[in-house]
Amino acid sequence: MATEVTPEADETALVDTPDEHGHHAQPHTPSTAGWAGRGVVVLLISWLVLLFPLSRDVSDLRLYGLAVIYAIIGLSLNVLLGYTGQISLGHQAFVGIGAFASAYMVSVQGQPFFVAVLVSMVIGALQALVLGAISLRVRGLYFALITLSYGIMAEGTLFNIEKYTGGSAGQAAPLPEPFETPHKFYYLCLLFLAAVVWVDWRLMKTKGGRALLALRENPRVAATLGIDVKLYTLVAFVVSGVFAGLGGALFAHNSEIVVSNTYEFRLALVFVIMTTVGGLRSRTGVIVGSAFFALLGYLIEHEYTFPLVGWHLNIESLLAKLPGPDLTAELAPLVLGPLLLLITLIQYPGGIGQQLRPLTGWLRGNRFDIHDRGDKEVVVADVRA
Amino acid sequence: MSVLETRECTIRFGGVQAATDVSIKVGEWEIVGIIGPNGAGKTTTFNMITGFYKPNSGTVRFNGVDITELSVHERTALGLGRTFQNVGLVKGSTVRENLKTAQHLHAEYGVVAGMLGFPRTFRTEKWLTDRAEAVLEIMGLGDIADTRVAGLPYGVLKRVEVATVLATDPDVLLLDEPSSGMGPEEAHRLGDTLLELRKEFGIAIAMIEHHVPLVVRVCDYVYCLNFGEMLAEGKPEEVRNHPEVVRAYLGEEADNPIVQAAEAAIEELVETD
């Protein structure tokens, strides 16, 4: 396979015209100005995430906190859906049980917040372990049905055990010291998200992640490469369960109360949609997609004012003018979600992650290439899992 | 002593007897060919050796140890490596990533240590990357290390697959139709590689192969299966000219003019090779 470097080949390399796929022969090194431009964009994003919330009021901060928590939950589901190709339609139960466990530990047992979070994560891991054991036997549609039933069962029974959950009145889940304001709690959620991203990143860069990708593609091949298929399937479920438990605990304290009807099936549906629309196996995509779905209701209800032209825009009232039944902001994720899902499945199997790729590639120091689709291929068949 | 051995392995699927008393030996430094028409039970035999199927009777031995009850990944850990008929690679990953996947058992850290990002996992990863590159260099695939597997031509994929299995550090390589999808020249080069591997690393090889010139050139011993039973075994030349073998492949008497014409054609192929 030795390629001979002829003078002509050298010359074309200098000009570096993209080949038929739009790939360049040489890696791109941005100029100082190029790096400065990238720096500005990074600063803008950091400002949006870190500084902008400081100037907002308390109710907005709860919403931003929720967006961060959704991102954690999206990453949890991404481990199953993206890395192992297994679906969970019962993730509201994982999150809900995490939420109740943490609220119970803090409000009834009087344990410190961080102990409660740890308990939620352990409970999440245990649930996931059981589900993972089932997934070794049942796959595809039937496994989806089992997770669906588990979620709805948990909703109807576990969430209503008065002793642990406070019944229909719910359980208080105060903001923990020293993060006792929604502002501070938002930053705590960000810290947890950073930890989840780190773990997810290292998982995929080390042997565990490679094992998962191999066994998703072909368990037989994985086994012949020395990978213990059962063990690693369970590892994936446990990781997902831990993330979901953490998401649940934060969910509870972010709203300062846990009520069972928060964690209903609709939520599980939104989780699956936001992860897929975000882009399987793309951390950036999943985070952006999840945050978008968390904020969707707000974006629709919000009254946008454009003082210069004196315009007021409220999407909800616009929607109300449409003929037919009313579309409330609450239902928006379930109307817009499937539409976005369709676009994802047909046009962009890599989801938001794929659509953001020109930008994320550019930030990493590549040329800005609008046709960049990344090196991770997400096939439509993946998303149809 | 033989490195790998199946002793009278028999397996049934429902009413179908897929393999009957199959006994195969692969000695040290040996390259063994397994031939036979489609559906003869060749891949089934491989599946019994690697552990996808458990034989109804008979045993599989590796370095004198009975491994019949071990699971697939445990056999890999002992030193069994295998390729697949339809290429067993992670298509979405790069060639280098595939080799690193294959070095799973060489990554001496726990999954959790990897996830939490302990410093030593970074060092081990670096070492694994270097090792993967060394293997790719040996297989002459160094310049496609960063290419995603999905876009590569079939013949190259087959070589990448061999490189991948080499990265698991096997004592015995089981190759399922390694030359399929290759032209005569590529197949010849593959033969060179296999002989080289044996010389350099002392790896014993068992391969299912239809490409007669390749089998005749590299194999020390050949087994011919038909309908799950051992039809003939011996030196490549003996097996190739065995009347039963010729009949199994062509389904006619060997003195039939069509058969003779076919034989002449095969003869010619061998000579041109």
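Give the residues of segment A:198-233 that are out of contact with any helix residue (DSSP H, G or I) (no Cβ under 6 Å at 6 or more places or on another chain), under 21 Å from B:K126 (Cβ atoms) and free of Cβ contacts under 8 Å to residues at least 40 places away in the same chain, sorted by residue number.
A:W198, A:K205
Would you confirm whether or not segment A:264-284 contains a residue that is within 10 Å of chain B (Cβ to nearest Cβ), among the β-branched types (V, I, T) and in a helix (DSSP H, G or I)?
Within segment A:264-284 (the criterion being within 10 Å of chain B (Cβ to nearest Cβ), among the β-branched types (V, I, T) and in a helix (DSSP H, G or I)), the answer is no, since none of the residues qualifies.
Here are some residues: B:A132, B:A102, B:A77. Which one is crowded, with 17+ Cβ neighbours inside 10 Å and under 17 Å from A:Y232 (Cβ atoms)?
B:A102
Within 16 Å of A:I73 (Cβ to Cβ), at pLDDT 95 or above and surrounded by fewer than 23 Cβ atoms within 10 Å (Cβ to Cβ), is that true of A:V95?
Here the answer is no, as A:V95 does not meet what is asked.
So which residues in segment A:143-177 are without any contact (Cβ under 8 Å) to a residue 40 or more places away in the chain and surrounded by 19 or more Cβ atoms within 10 Å (Cβ to Cβ), if there are any at all?
None - no residue of segment A:143-177 is without any contact (Cβ under 8 Å) to a residue 40 or more places away in the chain and surrounded by 19 or more Cβ atoms within 10 Å (Cβ to Cβ), so the list stays empty.
What number of residues within segment B:152-205 are of a type in the set (G, A, S) and touching a Ser or Thr at 6+ places or on another chain (Cβ under 9 Å)?
Count: 5.
I need a count of the residues in segment B:212-253 that are in contact with a helix residue (DSSP H, G or I) (Cβ under 6 Å, 6 or more places away or on another chain) and free of Cβ contacts under 8 Å to residues at least 12 places away in the same chain.
Residues that pass the stated criteria total 1.
Only one of (1) facing chain A (nearest Cβ under 10 Å); (2) at positive phi; (3) touching a Phe, Trp or Tyr at 6+ places or on another chain (Cβ under 7 Å); (4) not charged (D, E, K, R) fails for B:G202. Which number is that?
Among (1) facing chain A (nearest Cβ under 10 Å); (2) at positive phi; (3) touching a Phe, Trp or Tyr at 6+ places or on another chain (Cβ under 7 Å); (4) not charged (D, E, K, R), B:G202 violates only (1).
Just one of (1) surrounded by 23 or more Cβ atoms within 10 Å (Cβ to Cβ); (2) of a type outside the set (V, I, T); (3) within 14 Å of chain B (Cβ to nearest Cβ); (4) in a helix (DSSP H, G or I) trips up A:H253, so point out which.
(3)
Looking only at residues that are more than 7 Å from chain B (Cβ to nearest Cβ) and closer than 12 Å to B:V111 by Cα in segment A:210-233, which one is surrounded by the fewest Cβ atoms within 10 Å (Cβ to Cβ)?
Within segment A:210-233, the match that is surrounded by the fewest Cβ atoms within 10 Å (Cβ to Cβ) is A:L231.
Condition first: touching a residue at least 24 places away in the same chain (Cβ under 8 Å), within 9 Å of chain A (Cβ to nearest Cβ) and β-branched (V, I, T). Now tell me which residues in segment B:138-169 satisfy that.
B:I144, B:T164, B:V165, B:T168 - these are the residues of segment B:138-169 that are touching a residue at least 24 places away in the same chain (Cβ under 8 Å), within 9 Å of chain A (Cβ to nearest Cβ) and β-branched (V, I, T).
Looking at B:A134 and the list (1) facing chain A (nearest Cβ under 9 Å); (2) without any contact (Cβ under 8 Å) to a residue 12 or more places away in the chain; (3) under 30 Å from B:G181 (Cβ atoms), which single condition is not satisfied?
Answer for B:A134: the failing condition is (1).
Has segment A:65-78 got any residue that is surrounded by 23 or more Cβ atoms within 10 Å (Cβ to Cβ) and more than 21 Å from A:F192 (Cα to Cα)?
Among the residues of segment A:65-78, not one is surrounded by 23 or more Cβ atoms within 10 Å (Cβ to Cβ) and more than 21 Å from A:F192 (Cα to Cα), which makes the answer no.
If we scan segment A:211-220, do we find a residue that is at pLDDT below 95 and over 25 Å from A:V286 (Cβ atoms)?
yes
Being more than 20 Å from A:G247 (Cα to Cα) and part of a helix (DSSP H, G or I) is the filter here, so list the residues in segment A:158-180 that pass it.
Within segment A:158-180, A:N160, A:E162, A:K163, A:G167, A:S168, A:A169 qualify.
Select from segment B:178-219 the residues that are within 24 Å of B:T45 (Cα to Cα), part of a loop (DSSP other than H, G, I, E, B) and of a type in the set (G, A, S) and list them in ascending order.
Residues satisfying the conditions are B:S179, B:S180, B:G181, B:G202.
Please specify each residue of segment B:199-212 satisfying the condition of being over 23 Å from B:I138 (Cα atoms) and surrounded by fewer than 19 Cβ atoms within 10 Å (Cβ to Cβ).
Within segment B:199-212, B:H210, B:V212 qualify.
The values are calculated or read from the model by the stated rules, or taken from the named source; none is laboratory data. Small disclaimer: the values here were computed from a predicted structure and weren't measured. Methodologically, a virtual Cβ is constructed for each residue, glycine included, from the backbone with ideal geometry; neighbour enumeration extends over all protein chains shown.
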